[in-house]
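Down below is the structure, laid out as structure tokens.
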Amino acid sequence: MKIPNGHEIIQLFEQFSPKSYAMEGDKIGLQVGRLNKPCKRVMIALDVLESVVDEAIKEQVDLIIAHHPIIYRPLGAIVTDQPAGRLIEKLIKNDIAVYAAHTNLDVAAGGVNDMLANALGLEKTDILVPTYKEELRKLVVFVPADHAESIREALGASGAGFIGNYSHCSFSQSGTGRFQAEEEATPFIGESGGLELVSEERIETIYPVRIEKKVLTAMFKAHPYEEVAYDLYPLYNKGESLGLGRIGYLPEAMTLEQFARHTKEKLESGGVRVVGDLTRSVKKVAVLGGDGNKYWQDAKRRGADVYVTGDFYYHTAHDADAEGLAIVDPGHNVEKIMKNGTAAVLKEKATQQKYDVTFISSTTPTDPFQFV
């Protein structure tokens, strides 16, 4: 087992939630500390408050991966007898790095909004507000026929060849490869100076651009040739559509009051605010973690009966009610669902890499609101 450094942990995380998914201008990435150090213990947190940092110090954490950025507004100064400065001082003195994954984790497949939709029991879910389409490329590589299967397997394992719900997709065609090795070459097949004819396969597959380095590394590692012949083609067809929020269906219709109680229970909220007739029936549900005020009209256009989101504004609630869209606001803090969900994803990925690292979820409450 290998103890990974911070860069290796973040590489695992960004396989799941790459920076490219984030909304423009979002404050994501490494915000405090360094990643070029061993990371034996990693904490997943919703917010990085001083109480969370105290918990991290007690738990001997090396890295905090947080959903809400610790530095969202520019800091004019770091004054260590003020709350913000004291927080950063504690992190630096204890060599605890902080990495923020905000809207990229909201958008990611299996990220915050999927976690919320799953907790509510939604079925047949779709993206509520598309924000990102993956760019695809095609790889064509030429390989000796007796190595073709190992190349196909390496490419599939690297993430290439995913089309919808199918993996390891590729096309192969047999042919004859020709080459002449110069004196400085050390050919895998044949001798220097002579023209070689080799039975080869042309293998074609596709991959999202964000994993290109991983795919090409796997190809080079598995390929027997000293010089690999391959081509890369940009594609007009687009990959997976990603975005903010989810929309789907309850298994059975509920009254709005029943659904509000269901939301409170499943998202472990101290209370919910509700807009709409409590006796009305709801079945099609839109959900968007965090502050979703800007997107209620998207929920309405998509035919949602009810929209679940946090921090809903007074006058915006009037507008939604007038348009016939029910609102259930369980608060911003329900995004805490990301702590256990993200820790589970990273634990699985680290186990596959045989990394000796422990992932823990912060248990410190960070909701500033109380219900009395």
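The values are calculated or read from the model by the stated rules, or taken from the named source; none is laboratory data. Nothing here was measured: the structure is a model prediction, and the numbers come from that model. Using ideal geometry, Cβ is built from the backbone for each residue, glycine included, and neighbour counts are taken over all protein chains shown. All accessible areas refer to the heavy atoms of the entire protein, side chains included, with ligands and DNA or RNA removed. Shrake-Rupley method; radii C 1.70, N 1.55, O 1.52, S 1.80 Å.
Observations on the model:
- Residues in the stretch 98-136 that are open to solvent by 30 Å² or more (accessible area, probe 1.4 Å), under 18 Å from Met23 (Cβ atoms) and in a strand (DSSP E or B): Pro130, Thr131, Tyr132, Lys133.
- Each residue in the stretch 306-338 was checked for being open to solvent by 30 Å² or more (accessible area, probe 1.4 Å), of a type outside the set (Asp, Glu) and not in a loop (DSSP other than H, G, I, E, B), and 7 of them qualify.
- Filter pass, Ala350 being surrounded by 13 or more Cβ atoms within 10 Å (Cβ to Cβ) and part of a helix (DSSP H, G or I): yes
- Pair list, Cβ < 6 Å and 6+ apart or interchain, from the stretch 257-273 residues that are open to solvent by 40 Å² or more (accessible area, probe 1.4 Å) to residues that are modelled with pLDDT under 95: Gly270/Phe371
- Qualifying residue in the stretch 81-93 (condition: open to solvent by less than 10 Å² (accessible area, probe 1.4 Å) and more than 23 Å from the chain's Cα centre (by Cα)): yes
- Hey, Glu323 modelled with pLDDT of 95 or more and touching a Lys or Arg at 6+ places or on another chain (Cβ under 6 Å) or not: yes
- Elements of type strands (runs of 3 or more DSSP E) in the stretch 206-293, at least 2 residues being more than 20 Å from Ile127 (Cα to Cα): 230-234, 241-255, 273-275
- Ser167 fulfils the conditions (1) surrounded by 15 or more Cβ atoms within 10 Å (Cβ to Cβ); (2) closer than 27 Å to Ala101 by Cβ except for a single criterion, (1).
- Extreme residue, surrounded by the fewest Cβ atoms within 10 Å (Cβ to Cβ), among residues of the stretch 8-45 that are among the small types (Gly, Ala, Ser), under 22 Å from Ile92 (Cα atoms) and out of contact with any His (no Cβ under 8 Å at 6 or more places or on another chain): Gly29
- Extreme residue, nearest to Ile3 (Cα to Cα), among residues of the stretch 353-364 that are in a loop (DSSP other than H, G, I, E, B) and in contact with a helix residue (DSSP H, G or I) (Cβ under 8 Å, 6 or more places away or on another chain): Val357
- Checking each residue in the stretch 58-75 for being open to solvent by 10 Å² or more (accessible area, probe 1.4 Å) and either in contact with a Lys or Arg (Cβ under 7 Å, 6 or more places away or on another chain) or acidic (Asp, Glu) (or both) picks out Glu59, Gln60, Asp62, Pro69, Ile71, Tyr72.
- Looking only at the stretch 291-305, and only at residues there that are among the small types (Gly, Ala, Ser) and surrounded by 21 or more Cβ atoms within 10 Å (Cβ to Cβ), the one that is farthest from Ala326 (Cα to Cα): Gly292
Okay, residues lined up against (1) within 25 Å of the chain's Cα centre (by Cα); (2) touching a residue at least 12 places away in the same chain (Cβ under 8 Å); (3) under 30 Å from Ala157 (Cα atoms); (4) open to solvent by less than 60 Å² (accessible area, probe 1.4 Å):
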| residue | (1), (2), (3), (4) |
| --- | --- |
| Glu226 | no, yes, yes, no |
| Leu232 | no, yes, yes, no |
| Gly248 | yes, yes, no, yes |
| Ser281 | no, yes, no, no |
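- Residue within the stretch 149-164 that is in contact with an Asp or Glu (Cβ under 7 Å, 6 or more places away or on another chain) and either at pLDDT 95 or above or crowded, with 16+ Cβ neighbours inside 10 Å (or both) present: no
- Residues that are among the small types (Gly, Ala, Ser) and either closer than 26 Å to Arg137 by Cβ or over 18 Å from the mean Cα position of the chain (by Cα) (or both), drawn from the stretch 234-246: Gly239, Ser241, Gly243
- Residue list for the stretch 34-55, filter: more than 21 Å from Met338 (Cβ to Cβ) and touching an Asp or Glu at 6+ places or on another chain (Cβ under 9 Å): Arg34, Lys37, Pro38, Lys40
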